[in-house]
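FYI, it's all coordinate maths here, none of it is from the lab. Just so we're clear, the structure is a prediction, and the values are computed from it rather than from any experiment. Using ideal geometry, Cβ is built from the backbone for each residue, glycine included, and neighbour counts are taken over all protein chains shown.
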Amino acid sequence: MNDHFTLQPLLDLMRERADEATRRLGQLIATEQNARSRLKLLTDYREEYMQRFREAQADGLALPAWRNYQHFIDKIDAAINQQTAVVQSSAQNTAAGQEHWQTRNRQLKAIDTLALRHQQRRREEENRQEQKRQDEFSTRKYTPPAEEDAPG
């Protein structure tokens, strides 16, 4: 029986591709988490700034200061909208990366299954050959020697 798994180069390639897809997915997840963290920072900052604005209004706020607060809040809102788009895009990239990762792992599993079947067949053949050797040894060991001619 051929001991060499003929699809070994393909198996190695599929492992490399699956590993690369895993690394890439990790990067995409990290990028998405980073984008979500930035969005949270922006929304938290907006809330803090809005609180200061409300406090300033309660203390009495001149029109120019009110406009400055409003203008800055508009800028924060624009940044939040932009970061929300970044988060959505990143989430889509992560989902695509996850799908790619799953595809690569399914491909690897298919080739790996063939490799495992090959190894199993090889072990079974080796076991049969070993059993055959043991049977032959046992047969030789317990076969009585042929009677020699008795002296006459």
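Placing unit charges on the Cβ atoms of the charged side chains and taking the dipole of segment 23-93 about its Cα centre, the candidate lying farthest along the positive direction among Gln70, Gly26, Gln51 is Gly26.
When Leu25, Leu63, Leu114 are arranged by Cβ crowding within 10 Å, least crowded first, meaning fewest neighbours, the order is Leu63, Leu114, Leu25. Dipole check for the chain: with +1 at the C-beta of Lys and Arg, -1 at the C-beta of Asp and Glu, and the Cα centre as origin, the magnitude is about 700 Debye. For Lys141, which lysines qualify as cross-link partners when the Cα separation must be under 23 Å and same-chain residues fewer than eight apart are set aside? Reachable lysines: Lys132. Within the shell defined by Cβ-Cβ distances under 13 Å, the residues around Leu116 carry a net charge of +3, with Lys and Arg each +1 and Asp and Glu each -1.
Taken over the Cα atoms of the chain, the convex hull encloses 135 Å³ per residue. Placing pseudo-labels 7 Å out from each Cα toward the beta carbon at Thr22 and Asn127 gives an inter-label distance of 3.0 nm. The residue list His100, Leu114, Ser138 was ranked by how far each Cα lies along the charge dipole of the chain toward its positive end, using unit charges on Cβ atoms, and His100 comes out on top.
Helical runs (DSSP H, four residues minimum) scored at -39500 (n - 2.57) apiece and divided by the length of the chain put the mean residue ellipticity at 222 nm at -33000 deg cm²/dmol.
Ignoring lysines fewer than eight residues from Lys40 along the same chain, the ones with Cα atoms less than 18 angstrom from its Cα are Lys75. Available extension along the chain between Lys141 and Gln57 is 19.6 nm, counting 0.36 nm per residue and deducting the alpha carbon span.
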